[in-house]
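Asks: Okay, handing you the structure first.
The values are calculated or read from the model by the stated rules, or taken from the named source; none is laboratory data. Because the structure is predicted, anything quoted here is derived from the model rather than measured. For neighbour counting, all protein chains shown are included, and Cβ atoms are generated from backbone atoms with ideal geometry for every residue, glycine included. The area values use the complete protein model at the heavy-atom level, side chains included, leaving out ligands, DNA and RNA. Shrake-Rupley method; radii C 1.70, N 1.55, O 1.52, S 1.80 Å.
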Amino acid sequence: LPDSLGGSFPATSHRCHHKPKRCPPVQQRGGFPVSPLLFHPNAKGSQITMDLSLKTVKRQASFCNAITFSNRPVVLYEQVRLKITKKQCCWSGALRLGFTAKDPSRINPGTLPKYACPDLVSQSGFWAKALPEEFANEGNVIAFWVDKKGRVFYRVNDSSPMLFFSGVRTTDPLWALIDVYGLTRGVQLLDSEIVPPDCLRPRSFTAVRRPSLRRETDDARLSVSLCDLNLQEENLHLISAACPIPQNSLNSQQSHLLPSHLDSDLHFHQLRGAHIKTLDEQTVGRSEHAREERTLVFTNRPLRIGETIFIKINKSNTGRSGSLSYGVTSCDPSVLRPSDLPYNPESLVDRKEFWAVCRVPTPLQSGDILGFLVNQEGELLLSHNGMNAGMQVCVDNSRPLWMFFGLHGALAQLRILGSTHLPEPRGLTAPNSPVSTPNTPTVLCNGGSDTTLHASSSAGDTTPNSPVSLPESPTFPAACSSWSDECTICYENTVDTVIYACGHMCLCYTCGLKLKKMTNACCPICRRTIKDIIKTYRSM
């Protein structure tokens with residue numbers, strides 16, 4: 001066998017049909033192996049780290065370069081059992097599982113490609129396929145094995161076996177191939193087992209699966225061979241599980257828009273609108289209805305000051321427009337009921353708690369990545385595909401703030417990719433992305449798109465022309481002199497009034513009196529309730 005990878009595509013595999021006849025006794029090469037099944041210590045991708053027991057591996061960064069192999073050949077019907085120990089939701093695709101007829105000890109790790117699919121499977125002696133994403137959750141135990149006919153089966157936890165693919169050459173020794181790809185960040189090898197006899201009967205493979213594991217798409221895609229997969233390009237939603245090149249390209253593009261490390265402890269709260277369904281703890285999808293819907297979702301915990309949250313947008317129809325409402329609130333979602341969530345997120349500002357509601361000002365496309373940050377000055381900053389979109393609204397960050405989102409139009413899915421916390425953040429630009437000067441609130445409200453930014457709070461209409469009336473951020477020194485001397489409401493009179501109890505000095509006394517008399521009056525800067533206004537006098 002050569003020391004580097006290469007060769008032609010394996011012989012055409014065939015479609016497998018289950019025949020209603022009794023299975024012959026299990027044929028094993030040499031019986032059940034005595035030595036435990038471990039990861040190969042040397043043949044591994046550049047991003048793989050391995051513990052001393054050779055049973056647990058983890059991908060350090062990125063989404064690829066994480067191919068691993070078993071330390072010894074497996075026998076026919078020997079289950080390779082893996083426990084998913086770490087999931088990272090910012091990527092597409094999951095574990096790639098399969099077998100190879102090439103001894104990993106004779107493979108130069110430097111020649112391993114980034115991807116098992118399609119790079120390795122296009123070479124002779126390698127067979128692999130992607131595990132469906134919905135099965136790649138932390139804690140799941142995945143078992144896969146090959147039978148004497150070259151068919152590969154897999155099962156999730158205690159579910160019935162499912163046909164994965166076929167066409168594996170079983171005349172040669174076979175090593176397990178595991179690519180810790182995409183959503184899957186870490187796996188642990190469990191003790192291998194021989195498939196129980198009752199799992200070898202044909203009816204087990206065609207039995208009705210548990211509802212929790214039943215796929216909404218056509219189950220036939222689980223019983224096609226690698227060559228058959230190349231014939232299904234008209235079914236794009238089926239191809240995603242067949243390790244296509246576009247999925248790798250999508251992850252490559254996305255890796256340039258995100259930091260190298262993302263925390264994954266931020267999830268969606270169990271409270272959600274009536275027309276939103278939870279796909280997993282970091283992904284929600286919108287139900288299809290003709291009319292406007294209740295689509296609000298919340299984060300499971302308050303934001304941290306200086307924490308940047310990254311989310312990914314998916315649209316159901318690229319031809320239709322879609323928009324995203326977002327904001328922060330001091331209201332703990334745990335005290336709310338689904339019936340409390342309105343159709344229009346802007347109506348939340350009538351509640352007694354602190355609510356600030358905005359809308360992304362630019363058109364959104366499927367795959368867009370948005371970043372949100374509340375900094376120490378109370379500014380909520382937005383980034384769009386790595387480009388800084390500037391300050392959107394000022395909020396009161398002296399209390400815990402949960403973030404919420406509302407899906408509108410063609411927006412069908414929202415995924416929390418993760419978050420990162422940087423000391424004294426100054427913007428939302430991602431690594432290697434251009435740094436742009438943050439826009440002022442006036443610029444953000446331009447008419448250049450169909451989506452208009454709305455900033456509201458519990459003060460209702462007490463701040464005319466919001467957010468245009470908001471002061472420019474004190475982060476930018478050039479703007480300090482312009483807003484510190486002019487009233488933020490009339491922009492004519494000199495500031496001479498302090499708001500109690502927040503202490504902001506941003507109004508003239510005339511506008512302060514008018515604002516105080518309004519219902520639910522609040523500070524134009526931090527949105528805290530106005531208890532009183534105090535006129536000040538400057539010494540000459």
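Asks: Taking R0 as 22 Å, what FRET efficiency do you get between Val34 and Thr85 from their Cβ-Cβ distance, rounded to the nearest 0.05?
Replies: Numbers: r = 26 Å, r/R0 = 1.20.
Once rounded, the FRET efficiency stands at 0.25.
Asks: Let me ask something additional. State the extension gain, in nm to one decimal, for the chain segment bounded by Lys148 and Gln60, taking 0.36 nm per residue of separation less the distance between their alpha-carbons.
Replies: Length gained, Lys148 through Gln60: 28.1 nm.
Asks: Further question: Please compute the modelled spin-label separation between Asp332 and Thr529, points set 7 Å along Cα→Cβ, answer in nm with one decimal.
Replies: That separation, rounded to one decimal, is 1.9 nm.
Asks: Starting from the Cα of Lys531, draw a straight line to each of the lysines and keep only those under 23 Å, dropping any in the same chain fewer than 8 residues away.
Replies: Lys352, Lys514, Lys516, Lys517
Asks: Could you work out how much longer the chain between Val141 and Leu513 gets when fully extended? Use 0.36 nm per residue separation minus the Cα distance between them, nm to one decimal.
Replies: Details: separation 372, 0.36 × 372 = 133.92 nm, distance 6.53 nm.
Length gained, Val141 through Leu513: 127.4 nm.
Asks: Kindly report, to the nearest 10 Å², the accessible surface of Asp179 as traced by a 1.4 Å probe over protein heavy atoms only.
Replies: For Asp179, solvent-accessible area is about 0 Å².
Asks: Mind ranking Tyr326, Tyr115 by accessible surface for me, highest first, 1.4 Å probe?
Replies: Details: Tyr326 0, Tyr115 30 Å².
From most exposed to least exposed: Tyr115, Tyr326.
Asks: Calculated FRET efficiency, Asn520 and Lys277, Cβ-Cβ r, R0 41 Å, to nearest 0.05?
Replies: Numbers: r = 34 Å, r/R0 = 0.83.
So, using R0 = 41 Å, E works out to roughly 0.75.
Asks: Also: Remind me, relative contact order of segment 60-133 in percent, using alpha carbon pairs under 8 angstrom and six or more residues apart? The partial results should precede the final answer.
Replies: Details: 60 pairs, mean separation 30.9, N = 74.
Computed value for segment 60-133: 42 percent relative contact order.
Asks: In terms of modelled amide H atoms, which long-range or inter-chain residues lie less than 5 Å from the amide H of Ala389?
Replies: HN-HN under 5 Å from Ala389: Leu382, Ser383, His384.
Asks: At a 1.4 Å probe radius, carbon and sulfur cover how many percent of the accessible area of segment 122-176? Can you show the working numbers first?
Replies: Values: 640 of 1510 Å².
Within segment 122-176, the accessible surface is 42 percent carbon and sulfur.
Asks: With all protein chains present and a 1.4 Å probe, how do Met387, Met403 order by accessible area, largest first? Don't jump to the answer; show the numbers that get you there.
Replies: On the way: Met387 80, Met403 0 Å².
Greatest to least solvent exposure: Met387, Met403.
Asks: Work out, step by step, the length gained on full extension between Arg538 and Asn42: first 0.36 nm times the residue separation, then minus their alpha carbon distance; give nm to one decimal. Please report the intermediate quantities before stating the final value.
Replies: Numbers: separation 496, 0.36 × 496 = 178.56 nm, distance 7.46 nm.
Extra length from Arg538 to Asn42 when fully extended: 171.1 nm.
Asks: With θ taken as phi - 60° and the coefficients 6.51, -1.76 and 1.60, list the Karplus ³J(HN,Hα) couplings across segment 357-362 in order, rounded to whole Hz; mark glycine and proline as x.
Replies: 10, 10, 9, 4, x, 10
Asks: Let me ask something else. Quick one: if the Förster radius is 30 Å, what FRET efficiency do His267 and Glu377 give, using the C-beta to C-beta distance and rounding to 0.05?
Replies: Details: r = 27 Å, r/R0 = 0.91.
Working from the Cβ atoms, E equals 0.65.
Asks: Using a 1.4 angstrom probe, figure out how much accessible area segment 294-368 has per residue, in square angstrom, rounded to the nearest whole.
Replies: On the way: 2820 Å² over 75 residues.
Value returned for segment 294-368: 38 Å² of accessible area per residue.
Asks: Follow-up question, since we're still on this one. By its C-alpha gyration tensor, with a ≥ b ≥ c as the square roots of the eigenvalues, how is segment 332-405 shaped: rounded for a/c under 1.5, else prolate for a/b larger than b/c, else oblate? Can you show the working numbers first?
Replies: On the way: a/c = 2.19, a/b = 1.37, b/c = 1.60.
Oblate is the answer for segment 332-405, as a/c is 1.5 or above yet b/c matches or exceeds a/b.
Asks: With the Cα gyration tensor of segment 98-189 giving a ≥ b ≥ c as the square roots of its eigenvalues, does the rule (a/c under 1.5 for rounded; else a/b larger than b/c for prolate; else oblate) give rounded, prolate or oblate?
Replies: Working: a/c = 1.95, a/b = 1.22, b/c = 1.60.
Note, shape of segment 98-189 comes out oblate.
Asks: Using a 1.4 Å probe and counting only protein heavy atoms, arrange Arg320, Arg59, Arg351 so the residue with the most accessible area comes first. All intermediate terms of the calculation are to be shown ahead of the outcome.
Replies: Details: Arg320 110, Arg59 0, Arg351 75 Å².
Ranked list, largest accessible area first: Arg320, Arg351, Arg59.
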